[in-house]
Each structure stands twice: as C-alpha cells, then as structure tokens.
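Novice: Here it is: the structure, laid out below.
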Amino acid sequence: MQSVGDMARALVLRTNQVRLREEMDKLAVEVATGFVTDSAKHLNGDLTSLQEIDRTLSKLEAYRINTTEASYITSTMQTSLDEIQSRSQTLSQTLIAADLTPTDPLLNTMSVDAANTLDQVMTGMNRSVAGRTLFGGVATDRPAVADSEDMLADLRVLLAGETTLAGIEAQLDTFFGAGGTYETVTYEGSNTSLAPFQLSETDSANVDIRASDPVFKEMLKPLAMAALASDGSLGFDTELQVEILSAAGRDLLGAQQSMVELRAGLGALEARIEETTTRNAAETSSASLARLELVGTDQYESAAKYESIRGQLESLYAITARSQRLSLAGYL
C-alpha cells in the first residue's frame with residue numbers, strides 16, 4: 001500500500017504534468033497564430049483599443065469582399081462590351097459596301113452575317129458570372145434578353161407588307177422605342193438596377209448597365225434590320241435590300257460612339273474600384289500591424305519556450321514512471 005508521502009508525491013507530479021501541458025497548449029496556439037491566447041490578461045483588462053481594431057478589420061473584410069465582387073463583375077462586363085463592339089464594328093464596315101456589288105448571293109451572305117452577329121451580341125448581353133446575369137438589373141436569375149430568333153420573329157410580323165426603307169425604319173423605331181416590344185417582350189430583365197456595392201466607409205460603386213439601355217437598342221436596331229434584309233418571307237426586292245443593308249451599316253457604325261462612351265464610363269468605375277481596393281488593403285495592413293503590436297507575440301521566443309516546456313514534461317513523465325516502478329517494487 002502507498003504511503004501518504006508517496007501519494008503526495010504522485011499528486012504533485014500529476015499537478016505539474018497538467019500545468020505543463022496547459023502551458024504547452026497555450027504556447028502552441030501562440031506559435032501557430034502569432035497572438036497571445038489571453039488578450040485580457042495581456043492588456044491588463046483594457047480591451048477598448050483591441051475591440052476598435054477588430055471592428056475596423058471586420059468592416060474592411062466586408063469591403064474586401066465587395067470590391068472583389070465589383071471588380072469581377074465590371075471586368076466581365078467590360079469584356080462582354082468589348083466583344084459586342086468589336087463584332088458590330090467589323091460588320092458595319094461590310095454592310096456599308098453593300099451597294100458596290102449588289103448581287104443576290106452577296107446580299108444574302110451579308111444578311112446571314114448580320115443575323116449571326118445579332119445572335120452573338122445578344123448572347124453577350126446574356127453573359128453571367130457565378131450564375132448571375134450581368135445586364136438584367138436585379139433579375140440576376142434569368143437571361144437579360146430573349147433569343148435573337150424570337151426577336152426576329154416578332155419583327156417579321158411588324159415588317160410584313162413594308163416596301164420602303166422609311167416604312168421599315170419607322171416600324172423598327174416603334175419596336176425599339178420607349179414602351180415598345182423590345183422593352184416589354186424581348187428584354188426579360190428587371191427595370192430595377194443592382195444595389196450599389198459599398199466599397200469603403202465613404203465610397204460605393206453603382207454598376208447599372210442593363211440590356212434595356214439605349215446604347216444596346218441603338219446597336220440592335222441596325223443589326224436586326226440587316227438580318228431581315230434578305231428574309232424570304234418578307235420578299236424585299238434587291239434594290240430595297242441594298243438600301244436596308246447600307247443604312248444598317250451606317251447606323252451600326254454610328255452606334256459605336258455610344259458604346260465607346262459606355263465603356264469609358266465603365267473603365268472609370270473599374271479604376272475607382274481598384275483605387276479603393278488599394279486604399280482598403282493599406283488600411284487593413286495598418287490595422288493588422290496595430291493589432292500585432294497590442295496582442296502579438298514573438299513566435300521564435302514562444303517556440304523556444306514550447307521546446308523548453310516539452311523537455312520539462314518529458315523529464316517529468318520519466319520521473320513519474322520511475323517513481324511508480326519504485327513504489328511497486330517497495331510494495332512487493
């Protein structure tokens with residue numbers, strides 16, 4: 001049977017083991033994180049400054065998420081607009097020359113090219129990121145515009161029976177005008193824009209570019225007109241087809257300026273988002289450094305202490321094991 005002295009020694013050994021293990025766990029956390037485990041004790045109970053810094057860092061993290069999302073969305077928008085502008089500008093150069101060699105096969109080829117470009121442009125207007133449509137306002141869960149062929153089908157009904165360029169353009173003006181079929185049927189997005197992204201305490205980004213904006217309608221109108229120029233169901237004669245394609249080329253070229261201005265405005269917004277991101281990153285670094293000054297630890301020192309305590313604990317285990325063996329031998 002163990003004596004009172006043996007029991008006391010065993011109790012002291014176990015107590016020291018628990019204390020050393022707790023100290024090791026604490027130091028392990030400090031080595032891994034670089035911060036003290038008990039901020040209140042380290043700061044003598046005054047946590048005011050630390051709490052203020054943590055609130056600042058929390059807000060900056062929210063701003064970081066917002067600026068990242070805003071940057072991604074505007075960048076993707078810019079890419080889509082660049083593709084739309086490039087394709088429409090290339091087609092405009094071809095259509096303007098329609099009256100130079102007005103053969104039926106060539107006119108039909110131009111019309112087919114216009115239909116393909118129209119489809120590509122409207123596909124670009126339906127671009128989405130992470131499952132969210134870009135050009136449909138708050139209606140991010142569905143396409144911004146209908147299929148190009150659906151729109152052309154609606155236009156065929158309107159243009160049936162028209163025999164002059166003036167009459168065709170009048171019908172297209174009605175279709176793409178305020179309250180027209182394009183706005184009420186073709187455009188499937190929302191008339192409400194996305195909520196602005198809060199980029200910082202004082203700065204926000206309003207990314208409000210929708211497929212119902214005039215700049216898109218100004219481009220779609222000549223594309224649709226050219227796409228239907230050689231449509232067999234409408235039966236336009238060769239002379240009228242040439243007029244339609246040439247006029248569409250001129251209008252499409254004229255629409256480029258509005259697209260350039262739209263992209264320039266978007267580019268300025270991208271630059272502002274980038275500047276705000278840089279400022280937020282600098283502020284985050286400053287706040288993080290201030291937090292480190294308050295409750296940071298010397299990780300090399302903590303690691304050295306950890307190794308020292310681990311050595312003590314190993315020695316204590318060895319002593320404990322030896323003590324137990326001696327006690328058992330004495331008992332026997």
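The values are calculated or read from the model by the stated rules, or taken from the named source; none is laboratory data. Computed from a predicted structure; not experimentally measured. For neighbour counting, all protein chains shown are included, and Cβ atoms are generated from backbone atoms with ideal geometry for every residue, glycine included. Side chains are part of the model used for accessible areas, which takes the heavy atoms of the whole protein and leaves out ligands, DNA and RNA. Shrake-Rupley method; radii C 1.70, N 1.55, O 1.52, S 1.80 Å.
Novice: All but one of (1) within 20 Å of Glu83 (Cα to Cα); (2) modelled with pLDDT of 95 or more hold for Val129, so report the exception by its number.
Specialist: Tallying (1) within 20 Å of Glu83 (Cα to Cα); (2) modelled with pLDDT of 95 or more, Val129 fails exactly one: (2).
Novice: Is the stretch 287-304 home to any residue that is part of a helix (DSSP H, G or I), open to solvent by 30 Å² or more (accessible area, probe 1.4 Å), of a type in the set (Ser, Thr, Tyr) and modelled with pLDDT under 95?
Specialist: yes
Novice: Taking the stretch 100-133 on its own, how many of its residues are aliphatic (A, V, I, L, M) and within 25 Å of the chain's Cα centre (by Cα)?
Specialist: Result for the stretch 100-133: 5.
Novice: Looking at the stretch 76-94, which of its residues are in contact with an Asp or Glu (Cβ under 9 Å, 6 or more places away or on another chain) and surrounded by fewer than 21 Cβ atoms within 10 Å (Cβ to Cβ)?
Specialist: Result: Gln78, Thr94.
Novice: Does the stretch 134-148 include one or more residues that are part of a helix (DSSP H, G or I) and over 32 Å from the mean Cα position of the chain (by Cα)?
Specialist: No: zero hits.
Novice: Which one of the conditions (1) of a type outside the set (D, E, K, R); (2) open to solvent by less than 70 Å² (accessible area, probe 1.4 Å); (3) over 17 Å from Ala229 (Cα atoms); (4) in contact with a strand residue (DSSP E or B) (Cβ under 9 Å, 6 or more places away or on another chain) does Met151 fail to meet, given that it meets all the rest?
Specialist: Of the numbered conditions (1) of a type outside the set (D, E, K, R); (2) open to solvent by less than 70 Å² (accessible area, probe 1.4 Å); (3) over 17 Å from Ala229 (Cα atoms); (4) in contact with a strand residue (DSSP E or B) (Cβ under 9 Å, 6 or more places away or on another chain), the odd one out for Met151 is (3).
Novice: Would you tally the residues in the stretch 95-105 being part of a helix (DSSP H, G or I) and open to solvent by 60 Å² or more (accessible area, probe 1.4 Å)?
Specialist: Looking only at that region, the number is 4.
Novice: Right, here's the next one. Could you tell me which residue of the stretch 82-111 is nearest to Ala144 (Cα to Cα), considering only residues that are touching a residue at least 12 places away in the same chain (Cβ under 8 Å) and among the hydrophobic types (A, V, I, L, M, F, W, C)?
Specialist: Ile84
So that you can scan it fast, the table gives a plain yes or no per residue for (1) in contact (Cβ under 8 Å) with a residue 12 or more places away in the chain; (2) of a type in the set (Val, Ile, Thr); (3) assigned to a helix (DSSP H, G or I):
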{"position": "Ala170", "(1), (2), (3)": "no, no, yes"}
{"position": "Thr184", "(1), (2), (3)": "no, yes, yes"}
{"position": "Thr192", "(1), (2), (3)": "yes, yes, no"}
{"position": "Phe216", "(1), (2), (3)": "yes, no, yes"}
{"position": "Met225", "(1), (2), (3)": "yes, no, yes"}
{"position": "Leu234", "(1), (2), (3)": "yes, no, no"}
{"position": "Ala247", "(1), (2), (3)": "yes, no, yes"}
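Novice: Could you list all residues from the stretch 257-277 that are closer than 26 Å to Asp213 by Cβ, polar (S, T, N, Q), in contact (Cβ under 8 Å) with a residue 40 or more places away in the chain and open to solvent by 10 Å² or more (accessible area, probe 1.4 Å)?
Specialist: Ser258
Novice: If you go through the stretch 182-205 one residue at a time, how many are within 16 Å of Thr67 (Cα to Cα) and in contact with a helix residue (DSSP H, G or I) (Cβ under 8 Å, 6 or more places away or on another chain)?
Specialist: Total meeting the criteria: 7.
Novice: Going by the conditions given, is Asp54 over 23 Å from Thr238 (Cα atoms) and of a type in the set (Asp, Glu)?
Specialist: For Asp54, the condition - over 23 Å from Thr238 (Cα atoms) and of a type in the set (Asp, Glu) - is met.
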